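What follows is a short report on a single structure.
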Amino acid sequence: MSYVTVIWSVIAAGSLLLAVMYGGVWILDRRQRASLAFAFEALAIVLSVIVELGLMRSESASEWGEWVRWNQVPVLLRTAALVAFIHFYFGTGRPWLMAATVGTRVFIAIASFVMDPNFNFSRIDSIAHTRFLGEEVTVVGSAVTSPYQWFATFSVALVLVFVIDASLTLWRQGTPEARRKAVVIGGASLLSWGIGVTYTQFMVYQEIRLPVLLSPPYLVMLAAMTFELSRDTLRASRLARELRAS
């Protein structure tokens with residue numbers, strides 16, 4: 001049994017279910033733009049799973065590099081969905097910072113398909129294999145990190161700055177509800193992105209020989225968003241019942 005395939009398939013299935021559910025919420029009520037953003041956030045996790053499985057199953061350096069190139073698609077979607085969700089759900093977030101955050105990821109995604117082999121590496125000479133969850137998976141072997149990798153790091157830093165700024169603005173509203181949302185969603189987002197960017201930097205600069213594992217950390221953020229949206233749904237349902245009873 002391939003534990004990698006089973007675990008990543010479960011992650012993808014759960015994320016896809018959430019994407020369908022909250023996409024349906026938006027279809028029923030077009031004012032629920034945060035639900036639409038959340039649906040795309042969950043969909044980005046599904047795409048990340050596909051890319052990560054492709055990376056772990058790659059049979060050549062060129063194939064591995066091609067999957068790294070395609071990884072920019074879920075990263076772009078995840079970034080845009082996150083800033084949109086926080087903007088709509090919190091009602092905060094500076095528009096210029098939001099535009100800069102998404103804009104840098106758009107630039108990186110486009111550049112990754114123009115540059116050879118991709119934006120993150122100038123050259124990928126070989127792949128290697130390591131044991132992970134009881135089976136052999138592919139990792140980068142010998143490669144040269146792109147001199148433009150700093151810009152990708154800068155792009156992630158913009159995400160963190162946006163989340164911190166939007167969360168602090170919400171926190172300053174002073175209500176228990178606002179502060180709980182700032183802590184739960186803001187904190188989970190910072191934790192997920194912090195782990196993700198740290199892991200990515202170690203992988204790109206070849207300080208560790210482990211597979212690309214970006215979808216698992218972002219489940220923390222997805223869980224926090226699901227928790228808060230579910231609370232809102234239950235509260236709205238309870239209020240509707242009270243109105244009908246009165």
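Applying the criterion of at least 1 residues that are modelled with pLDDT of 95 or more and exposed (fewer than 14 other Cβ atoms within 10 Å of the Cβ) to the helices (runs of 4 or more DSSP H) found wholly in segment 82-197 leaves 95-114, 149-171. Consider Ser62 carefully, then state whether it is touching a residue at least 40 places away in the same chain (Cβ under 8 Å), within 29 Å of Thr5 (Cβ to Cβ) and surrounded by fewer than 18 Cβ atoms within 10 Å (Cβ to Cβ). In short, yes. When Val46, Val25 are checked against the criterion of being of a type in the set (A, V, I, L, M), touching a Ser or Thr at 6+ places or on another chain (Cβ under 8 Å) and at pLDDT below 95, a single residue qualifies: Val25. Here Arg30 meets each of (1) in contact (Cβ under 8 Å) with a residue 12 or more places away in the chain; (2) over 20 Å from Phe132 (Cβ atoms); (3) not β-branched (Val, Ile, Thr) with one exception, condition (1).
Residue count for segment 161-216, restricted to those that are in contact (Cβ under 8 Å) with a residue 24 or more places away in the chain and touching a Lys or Arg at 6+ places or on another chain (Cβ under 7 Å): 2.
Going by the structure shown, is Pro211 part of a helix (DSSP H, G or I) and within 28 Å of Ile108 (Cα to Cα)? Answer is no for this residue.
The values are calculated or read from the model by the stated rules, or taken from the named source; none is laboratory data. Nothing here was measured: the structure is a model prediction, and the numbers come from that model. Don't worry about glycine lacking a Cβ; one is built from the backbone with ideal geometry, like all the others, and counts go over all protein chains shown.
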